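Working notes for the structure below.
What follows is calculated from the coordinates using simple rules that are stated; it is not laboratory data. Because the structure is a prediction, the values reported are computed rather than measured. Cβ: placed from backbone, ideal geometry, glycine included. Neighbour counts: every protein chain shown.
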Amino acid sequence: MEFYGDSISGNCLKLRYTADLLGIPYTWCETDLLAGETRTPAFLRMNPAGQVPVMKLDDGRCLAQSNAIITYLAEGSALFPDDRYQRALISQWLYWEQYSHEPYVAVCRFHMKYLGRSASERESWRVEKGEAALDLMEASLQAGDWLAGDEMTLADISLFAYTSLCHEGGFSLSNRRAISHWVARCQRRLGLG
Ligand SMILES: N[C@@H](CCC(=O)N[C@@H](CS)C(=O)NCC(=O)O)C(=O)O
């Protein structure tokens, strides 16, 4: 299978983390979103939304949305276990990540790292919501090592992507010890050093 992704994007890195951990072979097709490579006719045929990541199966079928793709990849593994409640709990985190975390933490990072804005130039409403998302994670991780159960799951991989890069968006983990320890735990499990 092929992954179309831009290595600067946490949404795209989720695919790499999941496939590498599960030993799933893939070809990485680097797609430069800042150069407009997600807007070419060929790319739009794969994903009319013009966004990475996209997974292309060997038979040509495509799938977009990072959390949908990692769910596809993890089917049958401990990252997305069979238990009905636990799957729903993982989905709860995946939806929350897209609605209440990524639009704030990841977008502030994009503004600072790729559009060259300073921390003080960030949108205050977005900063407020990003801080609230990190506070919620901190409280959850004070109660347990992983977000959804006793082991690492897709919930952790999805949230790890941008939480581990949040300093690039002007957020700090220095007073968030539970998240800091969890980031280190995820890095060890994912073999990221
Ligand atoms: N909800 C989508 C978001 C995808 C997304 O925002 N992709 C960005 C890179 S992180 C992109 O391709 N932006 C280019 C554009 O929107 O033109 C996901 O989780 O995959």
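Could you give the semi-axes, largest first, of the ellipsoid that matches segment 137-191, computed as the square roots of 5 times the alpha carbon gyration tensor eigenvalues and rounded to whole Å? Don't jump to the answer; show the numbers that get you there.
Working: eigenvalues 58, 34, 17 Å².
So the equivalent ellipsoid measures 17, 13, 9 Å along its semi-axes.
Packing-wise, with mean Cβ within 10 Å as the measure, how do 21-33, 93-105 rank, highest first? Spell out each step's value before the answer.
Numbers: 21-33: 13.4, 93-105: 20.0.
My ranking of the peptides, most packed first, is 93-105, 21-33.
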Step through the residues of segment 176-193 one at a time and calculate ³J(HN,Hα) from phi using the Karplus curve (6.51 cos²θ - 1.76 cosθ + 1.60, θ = phi - 60°), rounding each to whole Hz and writing x for Gly and Pro.
-> 10, 5, 5, 5, 4, 5, 5, 4, 5, 4, 4, 4, 4, 4, 8, x, 9, x
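Report the rotationally averaged projected area of segment 84-189 based on its alpha-carbon convex hull, in square nanometres. Could the numbers behind the result be given before it?
Values: hull surface 25.5 nm².
Convex hull of Cα atoms, orientation-averaged projection: 6.4 nm².
At a threshold of 8 angstrom on Cα-Cα distance, excluding pairs fewer than six apart, so keeping six or more, what relative contact order does the chain reach in percent?
Numbers: 253 pairs, mean separation 40.7, N = 193.
This gives 21 percent for the chain.
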Could you pull out every residue, at least 5 positions away or on a different chain, whose amide H is within less than 5 Å of the one on Cys29? Hs are placed 1.01 Å off N in the peptide plane, and Pro or chain starts have none.
-> Phe3, Tyr4, Gly5
So the compactness index of the chain, its C-alpha Rg divided by 2.2 N^0.38 Å, takes the value 1.01
For segment 1-44, would you read off the P(r) tail past 13 Å as a percentage of all alpha carbon pairs?
-> 56
Tally Lys/Arg at +1 and Asp/Glu at -1 over every other residue whose Cβ is under 11 Å from the Cβ of Trp28; what's the total?
-> -3
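If Lys and Arg each add +1 and Asp and Glu each add -1, what is the summed charge of the other residues whose beta carbon sits under 13 Å from the beta carbon of Thr153? Each step should come with its number before you reach the end.
Numbers: positive: Lys14, Arg87, Arg185, Arg189; negative: Glu75, Asp82, Asp83, Glu97, Asp145, Asp150, Glu151, Asp156.
That sum, taken over residues with Cβ under 13 Å, equals -4.
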List the equivalent ellipsoid semi-axes of segment 2-74 in whole Å, largest first, each obtained as the square root of 5λ for an eigenvalue λ of the Cα gyration tensor.
-> 19, 13, 10
Residue (of Ala148, Ser120, Phe160) at the positive-pole extreme of segment 84-189, dipole from beta-carbon charges | Phe160
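Only Cα pairs under 8 Å and at least 6 apart count here; give the relative contact order of segment 84-189 as a rounded whole percent. Mind showing how you got there, number by number?
Values: 106 pairs, mean separation 37.2, N = 106.
Averaging sequence separation for qualifying contacts and normalising by length gives 35 percent for segment 84-189.
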